[in-house]
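Notes to accompany the following structure.
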Amino acid sequence: MKKYIKYLAVIFVSFIFQMGCGQNNSKMEYKNIPGKIQARVFFYNALGNKSSENKFLLEDNLPAGYVKDGSVDYTKYLQKGINDNKIVIFPNFPIMVNDTGLVLENNSEIYFQENSEIILQKSNKDTYNILEIHNKHNIKIFNPKITGDRKEHFGNSGEHGMGIGIRSSKQIEIYNSEISNCWGDGIYIGSLKTYDDSGNFIPSEDIIIKNSKLDYNRRNGISITCGRNINVSDVLISNTIGTAPMAAVDIEPNNNKDYMEKIVLENIITFNNRFGIQLVLKKMVGIRKKNVDVVINKHYDFGSKIGFRVAAFKNTYENNFPKLDGNVLVNDCIWENNTEKPIVIQKNQKYSCLVNFEKGKVVDKNNNLTKVNKSSIEIHDNFNIKFTE
């Protein structure tokens, strides 16, 4: 009998949890980007090398009688063109790929034209990369437009369908991307969990993401889990809704063997996400003493539930692991009209590196401006948190 009651209790708790999660997601809905947000965004046409010499038109690889409406899967034809040519130009019309995605090659340049677009054929996979960059180097992508399958996806499981997946790669540059409707993240930057000479995971490094829009992706806009020399600038991330954590930018190493060094976010604009930017460093604590170096400069959030979140660490770690070294600088940022809180700092920060907020401002729904300090935000733990006006 006791076992039966315990079983019912587990079911009840699970039901309440699911209801709570459903309600949490249901309160968020897609919103059109306001003019005041659009006015802050500057985009340019990233042409790269203007010479047409040695550029291969992927359209020339398509079969006879190909369609131009994005309704037919041409993955294998596109992939052959990418494999055989270092500089390729996508057709100037929408084109469908399946969930095997397109694997990019070393020392390549990928160009999208004005009407180019990759559309993902609806999938039942919980993990895929529409563009895959794994263990690669020296790749430049100009003006990519990628549309995922979240509106037509088969089933509800999983959260790792990525628009662009970058893992253990270096010297990758992406300009003027438009990535939307992905089952997981718009862009994922991390590791394949292969090892470098020091016994850490090989990071993605020397990555540039510039002048881009990421909208209505299901899990995160951009995830950074293992990286070194990552520069993300002039990016608008909006309507990240669907499955936790739903952050515009999620800085979240998964392991004590990950790197989080020389990460720079500059002029990031976030709108209507669960979190504008989220910092989750708890899994980086371990036997190795790790250094964190992150700069977030001029982040502007409008209307996300929480503009900036610093997640909790564990109360204690086994074997008395060392706290994190280094610094996270959050400089000259504005959090406006947040529906819950502009900034939340959770408990148990004593294992964290220093997180330093400088010259931050909060603007409420009545357009009242307040400087960020301990009295103006929700802070549960003073360990390793600093405010400079």
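The values are calculated or read from the model by the stated rules, or taken from the named source; none is laboratory data. Predicted model, so just to flag it, every value in this text is computed and none were measured. FYI the Cβ positions are ideal-geometry reconstructions off the backbone, even for glycines, and counts take in every protein chain you see.
Would you mind stating whether ASN135 is over 17 Å from LEU78 (Cα atoms) and either surrounded by fewer than 20 Cβ atoms within 10 Å (Cβ to Cβ) or among the aliphatic types (A, V, I, L, M) (or both)?
Details: over 17 Å from LEU78 (Cα atoms): yes; either surrounded by fewer than 20 Cβ atoms within 10 Å (Cβ to Cβ) or among the aliphatic types (A, V, I, L, M) (or both): yes.
Judged against the criteria, ASN135 is a match.
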Those residues that are closer than 29 Å to LYS361 by Cβ and β-branched (Val, Ile, Thr), I need them from the range 308-330; list them, please. VAL310, VAL328, VAL330
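Which fully enclosed strands (runs of 3 or more DSSP E) of the range 273-381 have 1 or more residues being touching a residue at least 24 places away in the same chain (Cβ under 8 Å) and among the basic types (Lys, Arg)?
On the way: elements: 275-279, 291-297, 300-302, 306-310, 325-331, 334-336, 341-345, 354-358, 361-363, 369-371.
Per the criteria, 306-310, 341-345, 361-363.
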Could you tell me whether any residue of the range 217-226 is buried (at least 24 other Cβ atoms within 10 Å of the Cβ), small (Gly, Ala, Ser), at pLDDT 95 or above and touching a Leu at 6+ places or on another chain (Cβ under 9 Å)? yes
Taking the range 248-269, which residues are under 12 Å from the mean Cα position of the chain (by Cα) and more than 15 Å from VAL328 (Cβ to Cβ)? ALA248
Just the residues that are at negative phi and of a type outside the set (A, V, I, L, M), please, taken from the range 169-187. SER169, LYS170, GLU173, TYR175, SER177, GLU178, SER180, CYS182, TRP183, GLY184, ASP185, GLY186
If we keep only residues of the range 245-254 that are in contact (Cβ under 8 Å) with a residue 60 or more places away in the chain and either part of a loop (DSSP other than H, G, I, E, B) or among the polar types (S, T, N, Q) (or both), then the residue surrounded by the most Cβ atoms within 10 Å (Cβ to Cβ) is MET246
So, in the range 179-201, exactly how many residues are farther than 30 Å from PRO94 by Cβ and either surrounded by fewer than 24 Cβ atoms within 10 Å (Cβ to Cβ) or aromatic (Phe, Trp, Tyr) (or both)? 10
Residues of the range 154-167 that turn out to be crowded, with 22+ Cβ neighbours inside 10 Å and either touching a Lys or Arg at 6+ places or on another chain (Cβ under 8 Å) or of a type in the set (Ser, Thr, Tyr) (or both), as a count: 1
Scan of the range 226-242 for residues that are within 13 Å of the chain's Cα centre (by Cα) and outside any strand (DSSP E or B), ordered by number: CYS226, ASN239, THR240, ILE241
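To keep it simple, each residue is scored yes or no on (1) within 30 Å of ASP196 (Cα to Cα); (2) basic (Lys, Arg); (3) at pLDDT below 95.
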| position | (1), (2), (3) |
| --- | --- |
| ASN267 | no, no, no |
| ILE306 | no, no, no |
| ASN320 | yes, no, yes |
| LEU329 | yes, no, no |
| ILE334 | no, no, no |
Starting from the range 258-272, keep only residues that are on the phi > 0 side of the Ramachandran plot, then list their pairs with residues that are assigned to a strand (DSSP E or B) and crowded, with 24+ Cβ neighbours inside 10 Å whose Cβ atoms are within a distance under 6 Å, requiring at least 6 positions of separation or different chains. ASN272/SER238
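Evaluate the following for LYS213: is it in a strand (DSSP E or B), touching a residue at least 40 places away in the same chain (Cβ under 8 Å), surrounded by fewer than 22 Cβ atoms within 10 Å (Cβ to Cβ) and of a type in the set (Lys, Arg)? Give the steps one after another, and end with the answer.
Numbers: in a strand (DSSP E or B): yes; touching a residue at least 40 places away in the same chain (Cβ under 8 Å): yes; surrounded by fewer than 22 Cβ atoms within 10 Å (Cβ to Cβ): yes; of a type in the set (Lys, Arg): yes.
It is true that LYS213 is in a strand (DSSP E or B), touching a residue at least 40 places away in the same chain (Cβ under 8 Å), surrounded by fewer than 22 Cβ atoms within 10 Å (Cβ to Cβ) and of a type in the set (Lys, Arg).
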For a quick check of your reading of the model, give me the residue pairs whose first member lies in the range 23-44 and is under 19 Å from TYR300 (Cα atoms) and among the aromatic types (Phe, Trp, Tyr), whose second is modelled with pLDDT under 80 and part of a loop (DSSP other than H, G, I, E, B), with beta-carbon atoms closer than 9 Å and at least 6 apart or on different chains. none
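For residues in the range 174-207 being of a type in the set (S, T, N, Q) and in a strand (DSSP E or B), which is nearest to ASN256 (Cα to Cα)? Working first, answer last.
Pass one, the range 174-207, residues of a type in the set (S, T, N, Q): 176-177, 180-181, 191, 194, 198, 200, 204.
Cutting the leftovers down to in a strand (DSSP E or B) gives us 180, 204.
Values: SER180: 31, SER204: 16 Å.
Per the stated criteria, the residue is SER204.
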